[in-house]
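Below is one structure, written out as structure tokens; the observations come after it.
The values are calculated or read from the model by the stated rules, or taken from the named source; none is laboratory data. Note that the structure is predicted; figures quoted are calculated from it, not measured. Glycine also receives a Cβ, built like all others from the backbone with ideal geometry; neighbour counts cover every protein chain displayed.
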Amino acid sequence: MTAAGVSRGGSPAELPPVTDELVEAVQRRVADARTEPEGAAIATALRAELPGPVSDAAMLRLLRIMENELRGSGVLEPLLADPRTTDVVVNAPDDVRVDRGDGWEPTDVRFPDEAAVQRLARRLAAAAGRRLDEALPYVDARLPDGTRLHAVIPPVAVSGACLSLRVLRPSRHDLDRLAGSGTLPGAVAPVLRAVIDARLAFLIGGGTGSGKTTLLGAVLAAVPEGERVVVVEDAEELRPAHPHVVRLVGRIANVEGAGAVPLRELVRQALRMRPDRIVLGEVRGPEVVELLAALNTGHEGGGGTLHANTAAEVPARLEALAAMAGLDRTALHAQLAGAVQVVLQMRRTPTGRVLSTVGVTRRTGGGPVEVIPAVADGAPVLEGMALLRDLLAGRGIDPPC
């Protein structure tokens, strides 16, 4: 047997090992032929690269492996295609897990070896226009279909290459559907509609996978049709069922480090587009300064999402983000007090995602902004509901409770 696993005597050999060199050679042949990496083209390239015959069964198995190596997301494709899937992670060649909304589940998907995981990571990074190698052993990018890719390889990943893929499915939910599914319990649904009608600015807080983007999409779908909504995102997630939406998506730098379009620049551009409401898909950095400035200059009813464990922690989270832009604590709270009136806190529970808290912002004297619960777990809370009633009445909207 040769190193390639093929008999020199001419008799068909069993499955040869799939090496980086073989994959790259087949990939070059397919590319040189200017064909798509489909079955026939891959089979032709394989026969040209193998130094001797292999059995029919071995060729079929080898062809399946090479198709996974050269096409799409390889063996992860069925998991990513499942409409219930939100996240897929590869912890090791024999440890692939999926989140379909109920937490992490093990799968029966396996990679042949560590090299196969690294090849997929590098190929996906290349598809996103990014570099992944020993000199730059991590990547955070968006694939052409919108899927978020994060990958880390040795020497940083000491236990082996690790991939994280998050499927971004455009949200098309509305408030009625969310209420029917239990996401908007008790008094939450009518209070939320009143907040939208009153054009109160809002922030949606919650952890990863808690349903922040889903709720934001439903809120935007409920905005009156006569209003122009400009949405700024770093990844295209929001496609609300609204007739007048303009969507701006940021861009990361290319492999040369040029061409980046940051979110804070897009927020500035949005201000020049005569928006009735400006929405930032996710506040995660210095762009918070531009958003608060926009909400303080007549653009009522806008908002965005951000990661926060509780509604009460939202001001502190904004402090940390504003610090990235050089805005100190006092200035942040001064801006926040005039910009945001309502905080909507999402929580992921064993029975589903729930809008657990509707809070109202309040600043006493020159102190920090605090969030006072108006509705908690579907039930009105006396102090916060009194503040919310005053806000709604000031906008000519009858309080729902």
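For this structure, a couple of remarks:
- Selection count, region 101-121, where residues are under 19 Å from Pro17 (Cβ atoms), touching a strand residue (DSSP E or B) at 6+ places or on another chain (Cβ under 9 Å) and surrounded by fewer than 19 Cβ atoms within 10 Å (Cβ to Cβ): 2
- Residue in region 240-257 that is polar (S, T, N, Q) and either in contact with a Leu (Cβ under 8 Å, 6 or more places away or on another chain) or crowded, with 19+ Cβ neighbours inside 10 Å (or both) present: no
- Those residues of region 314-335 which are under 16 Å from Val283 (Cα atoms) and of a type in the set (A, V, I, L, M, F, W, C), in sequence order: Val314, Ala316, Leu318, Ala320, Leu321, Ala322, Ala323, Met324, Ala325, Leu327, Leu332
- Qualifying residue in region 343-360 (condition: part of a helix (DSSP H, G or I) and under 25 Å from Ala235 (Cβ atoms)): no
- Single condition Val288 does not satisfy, out of (1) exposed (fewer than 15 other Cβ atoms within 10 Å of the Cβ); (2) modelled with pLDDT of 90 or more; (3) not aromatic (Phe, Trp, Tyr): (1)
- In summary, Val343 fulfils each of the numbered conditions (1) in contact with a Lys or Arg (Cβ under 8 Å, 6 or more places away or on another chain); (2) among the hydrophobic types (A, V, I, L, M, F, W, C); (3) closer than 18 Å to Lys212 by Cβ with the single exception of condition (1).
- The listed residue being closer than 28 Å to Leu149 by Cα, in a loop (DSSP other than H, G, I, E, B), within 15 Å of the chain's Cα centre (by Cα) and assigned by TED's automatic domain parsing to the domain that holds Ala325, out of Ala235, Ala258, Ala241, Ala253: Ala235
- Scanning region 359-381 for any residue that is in contact (Cβ under 8 Å) with a residue 12 or more places away in the chain, touching an Asp or Glu at 6+ places or on another chain (Cβ under 7 Å) and either farther than 21 Å from Asp197 by Cα or charged (D, E, K, R) (or both) turns up at least one such residue.
A quick yes/no check of all residues on (1) within 13 Å of Glu282 (Cβ to Cβ); (2) in contact with a Gly (Cβ under 7 Å, 6 or more places away or on another chain); (3) surrounded by 18 or more Cβ atoms within 10 Å (Cβ to Cβ):
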position: Ile196; (1), (2), (3): no, no, yes
position: Leu203; (1), (2), (3): yes, yes, yes
position: Thr208; (1), (2), (3): yes, no, no
position: Leu215; (1), (2), (3): yes, no, yes
position: Ala218; (1), (2), (3): no, no, yes
position: Glu225; (1), (2), (3): no, no, no
position: Val229; (1), (2), (3): no, no, yes
position: Val232; (1), (2), (3): yes, yes, yes
position: Glu237; (1), (2), (3): yes, yes, yes
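- Selection count where residues are outside any loop (DSSP other than H, G, I, E, B) and over 20 Å from the mean Cα position of the chain (by Cα), scope region 275-290: 3
Residue-by-condition table, conditions (1) surrounded by fewer than 19 Cβ atoms within 10 Å (Cβ to Cβ); (2) outside the structural domain of Gly205 (by TED's automatic domain parsing); (3) part of a loop (DSSP other than H, G, I, E, B):
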| site | (1), (2), (3) |
| --- | --- |
| Met273 | yes, no, yes |
| His299 | no, no, yes |
| Leu306 | no, no, no |
| Leu321 | no, no, no |
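- Listing of helices (runs of 4 or more DSSP H) fully contained in region 47-153 that carry 1 or more residues being acidic (Asp, Glu) and modelled with pLDDT of 85 or more: 77-81, 114-127
- Members of region 80-90 found to be crowded, with 16+ Cβ neighbours inside 10 Å and either among the charged types (D, E, K, R) or closer than 21 Å to Ser159 by Cβ (or both), listed by number: Asp87, Val88, Val89, Val90
- Looking only at region 198-232, and only at residues there that are part of a loop (DSSP other than H, G, I, E, B) and of a type in the set (Val, Ile, Thr), the one that is modelled with the lowest pLDDT: Thr208
- Test result for Gly103, touching a residue at least 60 places away in the same chain (Cβ under 8 Å) and under 20 Å from the mean Cα position of the chain (by Cα): no
- Among residues of region 154-182, those that are of a type in the set (Val, Ile, Thr) and closer than 21 Å to Glu77 by Cβ, counted: 1
- Considering region 227-236, the residues that are touching an Asp or Glu at 6+ places or on another chain (Cβ under 8 Å) and not hydrophobic (A, V, I, L, M, F, W, C) include one that is nearest to Gln345 (Cα to Cα), namely Glu233.
- For Arg130, the requirement of being surrounded by 18 or more Cβ atoms within 10 Å (Cβ to Cβ) and either in contact (Cβ under 8 Å) with a residue 12 or more places away in the chain or within 30 Å of Thr351 (Cβ to Cβ) (or both) is met.
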